[in-house]
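Data block below; observations after.
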C-alpha cells in the first residue's frame, strides 16, 4: 500500500512541476522556476522511496530524505529570492 501511495505522490508532484513549468514559460517569473525544480525533486524523492521499499534498508532511505530536504531548501530560496526582488521596486 505504501508503494502505491508513493506512486500517487510522485505523479502528483510531476503534475505540479509541469504546471509551474508552464507558468514559468509564460511569465518568466523565477519563483515558478524554483517551484518547478522543487517539485521535480519531490518526484525523485517519492520515486526513490518506492524503489527502495525495504524495511531493513533504512540506510538508503536517508538519501531519499536528503533529496526531500534539498527540494524544500529550493522552495525557501525561491521565496526569499522573490521577496528580495519585490522589495527593490
Checklist entry - What shape does region 1-46 take by its C-alpha gyration tensor, where a ≥ b ≥ c are the square roots of the eigenvalues and a/c under 1.5 counts as rounded, a/b above b/c as prolate, and the rest as oblate? => result prolate
Checklist entry - How do 13, 86 rank when sorted from fewest to most other Cβ atoms within 10 Å of their own Cβ? => result 86, 13
Checklist entry - By how many degrees, 0 to 90 and rounded to 10, does the Cα axis of helix 58-87 deviate from the longest principal axis of the chain? => result 10 degrees
Item to check | Three-way shape call for the chain based on the alpha-carbon gyration tensor, with the a/c threshold at 1.5 | outcome: oblate
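Computed from the coordinates by the stated procedures, all read-outs in this text should not be read as laboratory data. Note that the structure is predicted; figures quoted are calculated from it, not measured. Please note: Cβ atoms are built from the backbone with ideal geometry, for glycine as well, and neighbour counts cover all protein chains shown.
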